[in-house]
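Here's the structure, in structure tokens; my notes come after.
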Amino acid sequence: MSEDSDILIVGAGAAGLSAGIALAQAGRRVTVAGELDLRQTARTVALFEASLAFYESTGLLDSIAAESAPLEVMRIVDDTGSLFRLPQRDFRAREIGLDQFGYNIENRDLVRLLADAARRTPGLTLLEERLADFSFAEKAATARTVSGETVSAALMVAADGKRSAVRASGGIPVAETPYPQTALTAILAHSRPHREVSTEFHTRTGPFTLVPLPPHDGDEHRSSLVWMTTHAEAERLGALPPQELARIVERQAHSMLGKMRLIGPCGTFPMVLMKAERLTGTRLALIGDAAHAFPPIGAQGLNLGLRDVGHLVEAVRGATDPGAPDILRDYEARRATDIRLRTAGVDLLNRSLLAPFLPVDFLRGAGLLALSGFGPLRRAIMREGVSPAGRTPAMMRRDQRPNRS
Ligand SMILES: Cc1cc2nc3c(=O)[nH]c(=O)nc-3n(C[C@H](O)[C@H](O)[C@H](O)COP(=O)(O)OP(=O)(O)OC[C@H]3O[C@@H](n4cnc5c(N)ncnc54)[C@H](O)[C@@H]3O)c2cc1C
């Protein structure tokens, strides 16, 4: 096999598959290469307004919505025990003219739906195997399949996740800071309805968040859990018998959703802040977690990754050579600020929770109070969380847009 695509995407996770579909729909010949990971890792993603617009314009929103739960209210509960503890705050999608902030879906369901769509997309080849030996030359980028065949394209897109081998082969360094936290994840059935409310308890080790999921397999009320805690505590909790862990989660959630039961295994994800120093190299563009990764505070990771995809589609649209230096410069310029601001914002919020100092608590409390008490600021922040201002690709803006008054 050789020189068969304009664009070779390495990694068939949510970002890689989404990019493959959108780029093929924009008229490119695309190969997406990678094994599909459909294991139950108890991980879900909340997709917000701009991402919903992305999937609407690729024709996938209805199938994604059918397997998701809408998120109508975001509730923040200060559970830090700080002197400046605030009362519970509710943020409603209606306040910014939306029916919901977004949809929450299991990662593996999203990947399965995207892979099905990829197989149906004209101009897209899904190669379900890992690639290796990445190299980048003036005219083309190449890689090798496990069976020894060579694949090449005018542009290689690294969508191979946080530990990207493509990024390393392209000589792009990363800045990486580990946090003293691991995210413990689980899917839970519970006796009371979630009423489409996502609840984030801010604790001293990080957020403990319960996010609505749709009914499934006879379980009427389900939510996903992301519990950021110390490495040792996550390991201890993850090793407990399921009934015992469910009881602890129930207690930590102040029994808000009633009696709880674990569905399937739980997952553990050590937290890091990682940002690639550049988003492009010779015949190379990074997207998704290959470009940036941070703790799931505010559920920003894949939403940011889909904005990479939207901008990449715009940068290469109509280009004779999608891997040419001017196209890559355009992509880099479009993405740098958004990625820098999101990464810094999540880092700041996470560190403010971890710091048990009164001045930090006071500032965090004051910030939250200002944001929750002052209408225009509150609405501006909510809009920014679901549909960022600034340069948004056309495919990520919906006709039925939030009222920006
Ligand atoms: C606990 C937790 C909760 C989260 N919640 C949210 C949320 O609510 N909202 C949100 O937007 N984000 C959330 N995120 C972040 C989100 O999950 C990630 O940003 C997203 O899954 C990244 O997708 P990706 O496709 O870039 O990378 P990945 O999902 O890591 O996919 C990379 C793919 O590349 C493949 N691959 C690797 N090497 C090769 C190779 N050599 N050849 C071929 N394929 C290869 C891998 O097998 C994998 O399939 C959360 C993350 C965590 C850990």
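The values are calculated or read from the model by the stated rules, or taken from the named source; none is laboratory data. Predicted model only: the values in this text are computed from it and were never measured. Methodologically, a virtual Cβ is constructed for each residue, glycine included, from the backbone with ideal geometry; neighbour enumeration extends over all protein chains shown. Ligands, DNA and RNA are excluded from the accessible area calculation, which covers all protein heavy atoms including side chains. Shrake-Rupley method; radii C 1.70, N 1.55, O 1.52, S 1.80 Å.
Tell me whether region 173-196 contains one or more residues that are touching a Lys or Arg at 6+ places or on another chain (Cβ under 6 Å), farther than 16 Å from Leu262 by Cβ and away from the ligand (no atom under 15 Å from the Cβ). So far as region 173-196 goes, yes, one or more of its residues are touching a Lys or Arg at 6+ places or on another chain (Cβ under 6 Å), farther than 16 Å from Leu262 by Cβ and away from the ligand (no atom under 15 Å from the Cβ). Every listed requirement among (1) outside the structural domain of Ala46 (by TED's automatic domain parsing); (2) over 22 Å from Pro178 (Cβ atoms) is met by Leu284 save one, (1). Scanning region 129-145 for residues that are of a type in the set (A, V, I, L, M) and more than 9 Å from the ligand (Cβ to nearest atom), we see that the one that is most open to solvent (accessible area, probe 1.4 Å) is Ala137.
One residue stands out in region 5-37 among those that are part of a helix (DSSP H, G or I) and not small (Gly, Ala, Ser): the one that is farthest from the ligand (Cβ to nearest atom), namely Gln25.
Highlighted here are the strands (runs of 3 or more DSSP E) found entirely within region 196-306 that include at least 1 residues which are on the phi < 0 side of the Ramachandran plot and either at pLDDT below 95 or among the charged types (D, E, K, R) (or both): 197-203, 206-213, 222-229, 260-276. Among the criteria (1) of a type in the set (Asp, Glu); (2) closer than 30 Å to Arg28 by Cα; (3) open to solvent by 20 Å² or more (accessible area, probe 1.4 Å), the one Asp308 does not fulfil is (3).
How about region 115-128: which of its residues are open to solvent by 40 Å² or more (accessible area, probe 1.4 Å) and within 13 Å of the ligand (Cβ to nearest atom)?
Residue satisfying the conditions is Glu128 alone.
Just one of the numbered conditions (1) within 14 Å of the ligand (Cβ to nearest atom); (2) open to solvent by less than 50 Å² (accessible area, probe 1.4 Å) is not true of Leu98: (1). Scan region 1-41 for residues that are out of contact with any helix residue (DSSP H, G or I) (no Cβ under 9 Å at 6 or more places or on another chain) and crowded, with 24+ Cβ neighbours inside 10 Å and the total you get is 2.
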